[in-house]
Amino acid sequence: MVGPLKFEGPCTAPVTVKVPGALKAPADPKRLQFTFHKADQLKIEGITSLNSKLFHMNILNCNNVTFQDIVISAPKNSLNTDGIHIGRSTMVIITGATIKTGDDCVSLGDGCQQINVEKVTCGPGHGISTGSLGRYHDEQPVFGVTVRNCTLTNTENGVRIKTWPASPSGVASNVNFEDIIMNNVSNPILIDQEYCPYNNCLAKVPSRAKISDVRFEGLRGTSATPVAVKIVCSRGLPCPNVSVEDEDINFVYNGKEGSSTSPCANVKPQVSRKVFPATCTPSA
């Protein structure tokens with residue numbers, strides 16, 4: 001199989017497709033490796049995706065989807081090679097994935113609801129991201145995201161939520177990050193409502209995407225940068241109900257521990273149990 005394969009319903013009964021071999025990717029760099037659109041009760045299991053030119057796996061307008069035992073690999077300098085991208089889909093589970101890529105290991109776009117990401121090993125890559133949100137009009141709310149029991153190693157970010165400044169209105173709420181290990185991760189914990197790559201935005205206009213009810217619990221490990229935690233919310237819509245619990249992330253450089261910080265803006269996090277670095281400590 002050297003060309004695209006499209007499955008199109010409706011189907012009168014469940015369909016199982018097994019590929020006991022290797023698929024040769026097309027040379028066209030605009031092609032996605034795997035894309036699933038308007039699928040219901042879908043399971044993707046035991047697939048290895050190598051060196052996609054763009055997203056490895058793209059889920060759009062799907063319901064009740066499970067990814068299990070997935071392996072994804074691309075060079076760490078390959079642009080836009082997100083491992084698994086989900087948009088406008090509900091009840092999606094990702095479990096047992098190993099992802100090494102040049103962009104987000106897992107990225108969640110607008111309209112994602114009831115998403116569970118667990119037992120993912122990520123790195124290299126840009127981490128596990130909700131967003132970017134707020135770039136386009138008519139984006140749908142993000143609600144009910146849980147990321148747990150994951151390990152990130154040598155990634156440019158850890159877990160993050162990112163929205164554009166000068167954005168249309170939007171919502172991201174009930175987002176939970178639990179029991180995550182960071183190994184030499186830059187920006188381990190990040191809420192960034194001033195996301196503006198390549199300065200391609202009106203950075204002085206605050207984001208109108210509202211982030212609320214976000215919980216970080218049991219995140220630990222080492223940061224490759226002095227800023228271990230950064231929570232920068234919109235000055236137009238500060239973030240309510242952000243909580244940090246049982247967190248321990250140390251800055252390590254050349255094998256030696258340094259002082260890590262946790263700057264904040266437009267947020268008053270609720271803190272419980274041991275938290276290091278202390279939440280909302282300014283950068284040096």
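Place the peptides 49-60, 158-169 in order of packing, highest mean first, counting for every residue the other Cβ atoms within 10 Å and averaging per peptide.
Details: 49-60: 20.8, 158-169: 22.9.
The most tightly packed comes first, giving 158-169, 49-60.
Using a 10 Å cut-off on Cβ atoms, rank the peptides 126-139, 268-281, 74-87 from the highest mean neighbour count down. Intermediate values should be presented prior to the final figure.
Values: 126-139: 21.9, 268-281: 15.5, 74-87: 19.6.
Averaged packing, sorted descending, gives the order 126-139, 74-87, 268-281.
Contact order for segment 50-123, expressed relative to its length and based on alpha carbon pairs under 8 Å spaced 6+ residues apart, stands at 33 percent.
Take every DSSP beta bridge whose two residues both sit in segment 186-284; close to 15 percent of them are antiparallel.
For the chain, give me the percentage of DSSP beta bridges that are antiparallel, rounded to the nearest 5 percent.
5 percent
Scanning residues 5 or more positions from Thr281 or on other chains, those with amide H under 5 Å from its amide H are Ser262, with H placed 1.01 Å from N in the peptide plane. Shown in residue order for segment 265-280 are the 3J(HN,Hα) couplings computed by the Karplus curve 6.51 cos²θ - 1.76 cosθ + 1.60 at θ = phi - 60°: 8, 6, 7, 10, x, 8, 10, 8, 6, 5, 9, 9, x, 4, 4, 6 Hz (x for Gly and Pro). Calculate the FRET efficiency for Thr35 and Lys256 from the Cβ-Cβ distance with a Förster distance of 45 Å, rounded to the nearest 0.05. Efficiency at R0 = 45 Å is approximately 0.50.
Per-peptide packing, taken as the mean over residues of other Cβ atoms within 10 Å, places 142-152, 198-208 in the sequence 142-152, 198-208 from highest down.
Counting Lys and Arg as +1 and Asp and Glu as -1 over every other residue whose Cβ lies under 14 Å from the Cβ of Arg88, the net charge comes to -3. Shown for the chain: cysteine residues without a partner Cβ closer than 4.7 Å, namely Cys11, Cys62, Cys112, Cys150. Taking all pairs of distinct Cα atoms, average 1/r, flip it, and tell me the Kirkwood hydrodynamic radius of the chain in Å to one decimal place. Over the chain, the inverse of the mean reciprocal pair distance is 19.3 Å. The calculated FRET efficiency for Asn241 paired with Ala166, based on their beta-carbon distance and R0 = 30 Å, is about 0.75.
Here the gap between Ser212 and Asn80, fully extended at 0.36 nm per residue and compared with their Cα-Cα distance, gives a gain of 44.7 nm.
Structural descriptor for the chain: relative contact order 10 percent, calculated from alpha carbon pairs under 8 angstrom and at least 6 residues apart. Database remark: amide H of Ser234 closer than 5 angstrom to the amide H of Cys239 (H placed geometrically; neighbours at sequence offset of 5 or more, or on other chains; Pro and chain starts carry no H).
Just so you know, all these numbers are worked out from the coordinates, no wet-lab data involved. The structure presented is a predicted model; accordingly, all values stated were derived computationally and were not measured. All Cβ positions, glycine included, derive from the backbone under ideal geometry; neighbour counts span all protein chains shown.
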